[in-house]
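Report on the following structure.
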Amino acid sequence: MTGTAVAVLCALAAAALIAVGSVAQQTSAAAVPDTDSFVGSLLRSPRWWAGILGDGGSYVLQVIALVFGSVLLVQPLLVASLLFALPLAAATTGRRVTRTTWLLAGALCAALAIFLLAGNPSEGTGDAAAAARWALPLGTVLAVTAAAVVVALLSPRRRALSFGIAAGVLYGVTSAFTKHVTDLAEHGIPQLLGSWQTWTLVAAGATAIYLQQRAFQAGSLTASLPALTVGEPLAAIVLGMTVLGEHLRTDGPGRILVSAAVVVMLVTTVALSRAQAADTPADAAATPAPAPPPETPRHR
């Protein structure tokens, strides 16, 4: 089995675990009232811990995939987590998946195949150790993260979407740093622990997990999961191409196909996530409040 095949299989397995973890964490976070301690309530939830274990397994598989493949290869495959989430959501809610949803899933699979075949992503060759090389691209994606958090804090109606964008972008940052840190590990533990990228990876990952839970608490998967799923590969691809020296080996018609595939991936990702959310129980906030008891007639 070639290295590319190992990367693809590990990335797809990671996508399946992402789906499991997202469903478990969203149901746990959404059940925490605003009046309760958010972090404390999650830490006491066995279902939430099961979701975290799923995310942890997914991350291990992503690390393995990045050892054998580039960020540009691995990240688009993680979008397939929505395909695994569809039957999982149907099984947990007892509702069938519609024909439209399966058609969208097929379109996403086709877009993924076109991206991989036409784009033919390559490994990076540049020196990514210098902080100066990271400064502008990393500063840009972190500015997007900060702006999304500000919007989330100021606009309750956009909170789930905005926190989802922020978490997704930070997950993309962790993916790009994981690729570099994985390469550093080959030179020994001292160099690994002495690298600023290693600790930036830890900080970005921890912050992403927290923002993800806030997104899950603020609303249904309709608002949060598309942003999470799309934000991660976009941020990772930006860093992979600008910092890690990766590129798509395309020219002429190939560039048109790759661009069209990216557009289809974005559109179908959002549409699939909305279809998935339609198969989940409505949020508690959307449940009609019980009618007030009739007033007792007053005698004059």
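The values are calculated or read from the model by the stated rules, or taken from the named source; none is laboratory data. Keep in mind it's a predicted model, so treat the numbers as computed, not measured. Positions of Cβ are backbone-derived with ideal geometry, glycine not excepted, and every protein chain shown enters the neighbour counts. Side chains are part of the model used for accessible areas, which takes the heavy atoms of the whole protein and leaves out ligands, DNA and RNA. Shrake-Rupley method; radii C 1.70, N 1.55, O 1.52, S 1.80 Å.
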Solvent-accessible area per residue, Å², over the stretch 144-192 with all protein chains present [probe radius 1.4 Å]: 47
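Work out the FRET efficiency for Ala135 and Ala203 from their Cβ-Cβ distance, taking R0 = 25 Å, and round it to the nearest 0.05.
0.90
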Cα-projected label distance for Leu142 with Arg44, points at 7 Å along beta-carbon direction, nm: 3.6
Label-point gap, in nm, between Arg157 and Asp36 - each point 7 angstrom along Cα→Cβ: 2.9
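What FRET efficiency comes out for the pair Glu186/Ala113, r = Cβ-Cβ distance, R0 = 35 Å, nearest 0.05? The partial results should precede the final answer.
Working: r = 32 Å, r/R0 = 0.90.
About 0.65, to the nearest 0.05.
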